[in-house]
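Student: One structure, pasted below without further comment.
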Amino acid sequence: MPIRISLAGATGWAGSALALAIAKTNDITLVSAVSRTHAGHSLGDVLDEPLLHCPVYATAQEALAHPCDVFFEFTKPDVAKSNVLAALQQGAHVVIGTSGLTDADYAEIARVAEQRRLGVLAVGNFALTVVLLQKFSEIAARYIPQWEIIDYAHAGKKDAPSGTARELAYRLSNIRPSELTIPLEQTQGVVETRGARLTGSQVHSIRLPGYTISAEIIFGLPDQKLTIRHDSGSSAKPYVDGALLAIRKVNTFVGLRRGLDHVLDL
Ligand SMILES: NC(=O)c1ccc[n+]([C@@H]2O[C@H](COP(=O)([O-])OP(=O)(O)OC[C@H]3O[C@@H](n4cnc5c(N)ncnc54)[C@H](OP(=O)(O)O)[C@@H]3O)[C@@H](O)[C@H]2O)c1
């Protein structure tokens, strides 16, 4: 039986690329979609893809009336958490691609996923080069006690820091906090220029025209430094393969996992 998906954000930049890729698979099928603008239409008509027949609803709650195995969240941070909790209450596993959820949001989602004995896979960035950046950074953090994270995005990205930067800081917090030679409160001048302290890392977000999405981490030691950097191009293609993998694997565990590497054999 194909895996039945409800896709919130199916008409967006990332969600539409995923929907079109799902149309070409044999083992995954879309049963419902969410978009306020296109509610009441068929997703196939909206995306001009005759292989997609599923209805579009304005809310996740309406879409979840169709039984599904996996709910895929690709909308906006303001509705993402309530969509995810609604899906868990309906008995669906969940993949979260939306950025902007906080660690407190994830703690609540983890609790409900455990209670319901369902899997939630949250992936700040589905691109393989980001997965490798995370892995390599975790190795580096074991040897190098000081680092800072820089998140670059186009001027229109509202959430800061990016999901990629949040997830990286969260993962490094499981190794240790980054040391500061000068404590922040002893900064002379404008302390905000040192960035935000996020789960033990200094994080700096750049939002400017000319950027797409990039993430960089710099590890520093006396007289040497290591920079690891990921750059996205302008298409959603790098995210699609990782998103399909997440859909296929999210039923293999119970509770919350953050990062695609949890379902990759790295
Ligand atoms: N994890 C990753 O690898 C990855 C990759 C790319 C993007 N993202 C993240 O994924 C999210 C979506 O990005 P995007 O670039 O695809 O955005 P987008 O082009 O603006 O698409 C957003 C989608 O969500 C729907 N939507 C937005 N608000 C909604 C609401 N309140 N209720 C119901 N539907 C709503 C939109 O349809 P309507 O406006 O018609 O409702 C649209 O289908 C962002 O958080 C982005 O940072 C993550």
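Student: If you project the alpha carbons of the stretch 227-266 onto the principal axes, what extent comes out on each, in Å, largest first?
Tutor: 33, 24, 17
Student: Greater than 25 Å separation of Cα atoms is the criterion. Which listed pairs, K81/K157; K76/K237; K76/K225; K158/K237, meet it? Walk me through the numbers on the way to the answer.
Tutor: Working: K81/K157 19 Å; K76/K237 20 Å; K76/K225 36 Å; K158/K237 22 Å.
Too far apart for the 25 Å limit: K76/K225.
Student: Tell me which aspartates and glutamates have Cα within less than 16 Å of K249's Cα, excluding those fewer than 8 residues away on the same chain?
Tutor: Hits, sequence-local ones excluded: D27, D69, E73, D241, D261, D265.
Student: What residue among A140, L180, S235 has its Cα farthest toward the positive end of the dipole of the stretch 136-245, where the charges are +1 on Lys, Arg and -1 on Asp, Glu, each on the Cβ?
Tutor: So the residue furthest toward the plus end is S235.
Student: For a distance above 18 Å, tell me the whole-number percent of Cα pairs in the stretch 1-145 that qualify.
Tutor: Details: 5984 of 10440 pairs.
More than 18 Å apart: 57 percent of the Cα pairs in the stretch 1-145.
Student: In whole Å, what is the distance between the alpha-carbon centres of the stretch 201-244 and the stretch 100-172?
Tutor: Result: 12 Å between the Cα centres.
Student: Please report, in debye to the nearest 20, how large the charge dipole of the stretch 86-140 is about its Cα centre when each Lys and Arg carries +1 at its beta carbon and each Asp and Glu carries -1 there. Write down the numbers at each step before the final one.
Tutor: Working: 4 positive and 5 negative charges, 40 e Å.
That gives a dipole near 200 debye.
Student: Let me ask something else about it. Quick check for me: using +1 on Lys/Arg Cβ and -1 on Asp/Glu Cβ, what's the dipole size of the stretch 8-110 about its Cα centre, in debye to the nearest 20? Before the final figure, lay out the partial values.
Tutor: Working: 4 positive and 11 negative charges, 21 e Å.
I would put it at about 100 debye.
Student: With the dipole of the stretch 75-130 worked out from charges on the C-beta (+1 for Lys and Arg, -1 for Asp and Glu) around the Cα centre, which of T75, A113, T102 lies farthest toward the positive end?
Tutor: Projecting each Cα onto the dipole axis, the largest value belongs to A113.
Student: What share of Cα pairs, in percent, lie more than 30 angstrom apart in the chain? Each step should come with its number before you reach the end.
Tutor: Working: 10645 of 35245 pairs.
Value for the chain (Cα pairs over 30 Å): 30 percent.
Student: Counting Lys and Arg as +1 and Asp and Glu as -1, each charge on the Cβ, what is the dipole of the chain about the Cα centre in debye, to the nearest 20? Show your work: numbers first, answer last.
Tutor: Values: 25 positive and 26 negative charges, 50 e Å.
It comes to approximately 240 debye.
Student: State, to one decimal in nm, how far the label point of K76 lies from the label point of D241, with both points 7 Å from Cα in the Cβ direction.
Tutor: Label at K76, label at D241, 3.2 nm between them.
Student: To the nearest 10 degrees, how steep is helix 128-143 against the longest Cα principal axis of the chain, on a 0 to 90 scale?
Tutor: Long axis of 128-143 versus the principal axis of the chain: about 30 degrees.
Student: Something else: What FRET efficiency comes out for the pair L264/L51, r = Cβ-Cβ distance, R0 = 45 Å, nearest 0.05? Display every interim value, and only then the final one.
Tutor: Values: r = 28 Å, r/R0 = 0.62.
Efficiency, rounded to the nearest 0.05: 0.95.
Student: So what's the Cα pair-distance distribution over the stretch 153-266, bin width 5 Å, in %?
Tutor: Result returned by the calculation: 2, 9, 15, 19, 20, 16, 11, 5, 3, 1, 0.
Student: Next question, about the same structure. Could you tell me how many degrees, from 0 to 90 and to the nearest 10, lie between the Cα long axis of helix 163-173 and the main elongation axis, the longest principal axis, of the Cα atoms of the chain?
Tutor: Tilt relative to the chain: about 50 degrees.
Values quoted throughout were computed directly from the atomic coordinates according to the rules given, and no laboratory measurement underlies them. Keep in mind that this is a model prediction, so the values were computed, not measured. Here Cβ is always computed from backbone atoms with ideal geometry, including for glycine, and neighbour counts include all displayed protein chains.
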